[in-house]
Amino acid sequence: MPRAILCVLDSFGIGGAADAEAFGDVGSDTLGHIAEYCAQGKGDRDGLRSGLLQLPNMDRLGLGAAGRLSTGKTIPGLDYAGDPQGLWGYAAEVSNGKDTPSGHWEIAGVPVRFDWGYFPAEIPAFPADLISKISEAAGLDGILGNKHASGTEIIAELGEAHVETGKPIFYTSADSVIQIAAHEEHFGLERLLKLCETTREFADPYNIGRVIARPFLGETSQTFERTANRRDYSVLPPEPTLLDRLSSNGRTVIGVGKISDIFAHQGVAKVLKGAGNDQLFEKTLEAMEMVGDGDLVFSNFIDFDSLYGHRRDVPGYAAALEHFDRRLPEMIDRMQPGDLLILTADHGCDPTWKGTDHTRENVPVIATGPGLAGRGVGGRKTYADIGESVAEHLGIAQGPHGASFL
């Protein structure tokens, strides 16, 4: 039986979403704008990268063709001259939000048709009653933050006060999320995780998608650094996902990175964690050696979003894409006859866009495997087509929300 490897390049949108206006994102294009900035010299950084965006391996498989199909625009630097050698196209999102759980659940065959709860941009962001209940249950003497913020910036701003007072840092964003930052040693990692479990319980009535533990180390605002011990506490998907369906058919799903957290640890048999894209790439290669016939490796590469998209760092995002592209042949070389590799994304996060939030975009659908002939798969109406293609490839029944492109 065949195997499947599904890689989510977190936030790697390719523009062109038909409903972008509803999200204030008309014209956003993560891939296209990064490529344009690089062509203009605005993607250069001494010691990091320079010149046109260079993604020859993904372009050979069809990335440039997918971007042109999505937006109607030529992408500087993505100029592969022959017919793409992979399956290529794009997928549009039908979920109501442009957040991480919505994107991943829809990829796995379950679009999010309901509306998440969100917190307002004013200060304080969180309802007083919610914070009071959490503080009483967790034995807290108050919190810090209580606003929309960038995770790295609020740790630099309030980390020293947190260490001094012992009060955890609560913050949110345009996503349906409560994030809690605390020092791994001064506050304690296990105490932080327990606090997030408590917060998850009280967040449920507000229909909040995720509570995220954001541990960090260091002793000053200049040396604070988030660790790899992040943990997401998500609500359960509203119906069985591709992961559940595989599990119920006796298949093994290995989640690399934050995949298991996003699916509330449901349907994932084994979890491999890594700090950053390079370690996550290594863990994906490791997972490919572990899975057997009919199994799935499902990986999330988080740095594109967390380190570069949200921080509006064009050179950093470009360099991360180029590094992933250089390593991609390692993954392809590990594939066995019958394997299917799909590269996609869960939303956009255009680093040239206003604000620091996700952007509503189409995502690439690029697939390859030994003996698989290249062809276009068109513009897919939902991310769910990705999961249903994996389902068909692995020989299980199709779900109700998507259609295989195989």
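The values are calculated or read from the model by the stated rules, or taken from the named source; none is laboratory data. Quantities reported herein were computed from a predicted structural model and do not represent experimental measurements. Please note: Cβ atoms are built from the backbone with ideal geometry, for glycine as well, and neighbour counts cover all protein chains shown. We work out accessible area using only protein heavy atoms, side chains counted, and drop any ligands, DNA or RNA first. Shrake-Rupley method; radii C 1.70, N 1.55, O 1.52, S 1.80 Å.
So which residues in segment 181-216 are among the hydrophobic types (A, V, I, L, M, F, W, C) and not in a helix (DSSP H, G or I), if there are any at all?
Ala181, Ala182, Ile208, Val211, Ile212, Ala213, Phe216
Taking segment 153-184, which residues are surrounded by fewer than 19 Cβ atoms within 10 Å (Cβ to Cβ) and closer than 18 Å to Thr356 by Cβ?
Glu153, Ala156, Glu157, Ala174, listed by residue number.
Can you report the number of residues in segment 187-240 which are surrounded by fewer than 20 Cβ atoms within 10 Å (Cβ to Cβ), hydrophobic (A, V, I, L, M, F, W, C) and within 18 Å of Glu157 (Cβ to Cβ)?
Summing the residues that are surrounded by fewer than 20 Cβ atoms within 10 Å (Cβ to Cβ), hydrophobic (A, V, I, L, M, F, W, C) and within 18 Å of Glu157 (Cβ to Cβ) in segment 187-240 gives 1.
Suppose the filter is open to solvent by 10 Å² or more (accessible area, probe 1.4 Å), modelled with pLDDT of 95 or more and of a type in the set (S, T, N, Q); does Thr344 pass it?
When the stated conditions are applied, Thr344 does not pass them.
Filter segment 78-91 down to residues that are buried (at least 20 other Cβ atoms within 10 Å of the Cβ) and either part of a loop (DSSP other than H, G, I, E, B) or free of Cβ contacts under 8 Å to residues at least 24 places away in the same chain (or both), then give me how many there are.
Number of matching residues: 3.
Within segment 50-59, work out how many residues are farther than 19 Å from Thr352 by Cα and either open to solvent by 60 Å² or more (accessible area, probe 1.4 Å) or β-branched (Val, Ile, Thr) (or both).
1
Is it fair to say Glu219 is outside any strand (DSSP E or B), acidic (Asp, Glu) and either modelled with pLDDT of 95 or more or under 24 Å from Pro101 (Cβ atoms) (or both)?
Taking the combined requirement at face value, the residue does not satisfy it.
Could you tell me whether any residue of segment 337-347 is more than 24 Å from Arg45 (Cβ to Cβ), free of Cβ contacts under 8 Å to residues at least 60 places away in the same chain and not hydroxyl-bearing (Ser, Thr, Tyr)?
Yes, some residue in segment 337-347 is more than 24 Å from Arg45 (Cβ to Cβ), free of Cβ contacts under 8 Å to residues at least 60 places away in the same chain and not hydroxyl-bearing (Ser, Thr, Tyr).
Is at least one residue of segment 276-289 basic (Lys, Arg) and crowded, with 17+ Cβ neighbours inside 10 Å?
yes
Filter segment 356-374 down to the residues that are within 19 Å of Gly13 (Cα to Cα) and open to solvent by 50 Å² or more (accessible area, probe 1.4 Å), then identify the one that is modelled with the highest pLDDT.
Among them, the one singled out is Asp357.
If you go through segment 293-311 one residue at a time, do you hit one that is among the charged types (D, E, K, R), over 28 Å from Ile154 (Cβ atoms) and open to solvent by less than 20 Å² (accessible area, probe 1.4 Å)?
Yes, segment 293-311 has at least one match.
Can you name the residue in segment 247-263 that is closer than 20 Å to Glu289 by Cβ and touching a helix residue (DSSP H, G or I) at 6+ places or on another chain (Cβ under 7 Å) and, of all such residues, is surrounded by the most Cβ atoms within 10 Å (Cβ to Cβ)?
Val256
On the given criteria, is Arg326 over 14 Å from the mean Cα position of the chain (by Cα) and either at pLDDT 95 or above or under 26 Å from Pro111 (Cα atoms) (or both)?
Yes: the conditions hold for Arg326.
Quick check, is His323 surrounded by fewer than 18 Cβ atoms within 10 Å (Cβ to Cβ), farther than 28 Å from Asp44 by Cα and out of contact with any Gly (no Cβ under 7 Å at 6 or more places or on another chain)?
Spelling it out, it is not the case that His323 is surrounded by fewer than 18 Cβ atoms within 10 Å (Cβ to Cβ), farther than 28 Å from Asp44 by Cα and out of contact with any Gly (no Cβ under 7 Å at 6 or more places or on another chain).
Any idea which of (1) open to solvent by 10 Å² or more (accessible area, probe 1.4 Å); (2) at pLDDT below 95 is the one Val94 doesn't satisfy?
Every condition holds for Val94 apart from (2).
Quick one: which residue in Gly27, Gly41, Gly13, Gly47 is part of a loop (DSSP other than H, G, I, E, B), open to solvent by less than 40 Å² (accessible area, probe 1.4 Å) and at positive phi?
Only one candidate qualifies: Gly41.
I'm trying to understand the selection: among the residues of segment 101-120, which are buried (at least 17 other Cβ atoms within 10 Å of the Cβ), out of contact with any strand residue (DSSP E or B) (no Cβ under 6 Å at 6 or more places or on another chain) and of a type outside the set (D, E, K, R)?
Ser102, Gly103, His104, Trp105, Ile107, Ala108, Gly109, Val110, Pro111, Val112, Trp116, Tyr118
Would you point out which residue out of Ile75, Ile123 is over 17 Å from the mean Cα position of the chain (by Cα) and either surrounded by 23 or more Cβ atoms within 10 Å (Cβ to Cβ) or under 15 Å from Lys381 (Cα atoms) (or both)?
Ile75
Just need a number here: residues in segment 157-188 that are under 27 Å from Lys98 (Cβ atoms) and over 24 Å from the mean Cα position of the chain (by Cα).
Final tally of qualifying residues: 1.
Does segment 257-264 contain at least one residue that is in contact with a Pro (Cβ under 7 Å, 6 or more places away or on another chain), outside any helix (DSSP H, G or I) and in contact (Cβ under 8 Å) with a residue 60 or more places away in the chain?
yes
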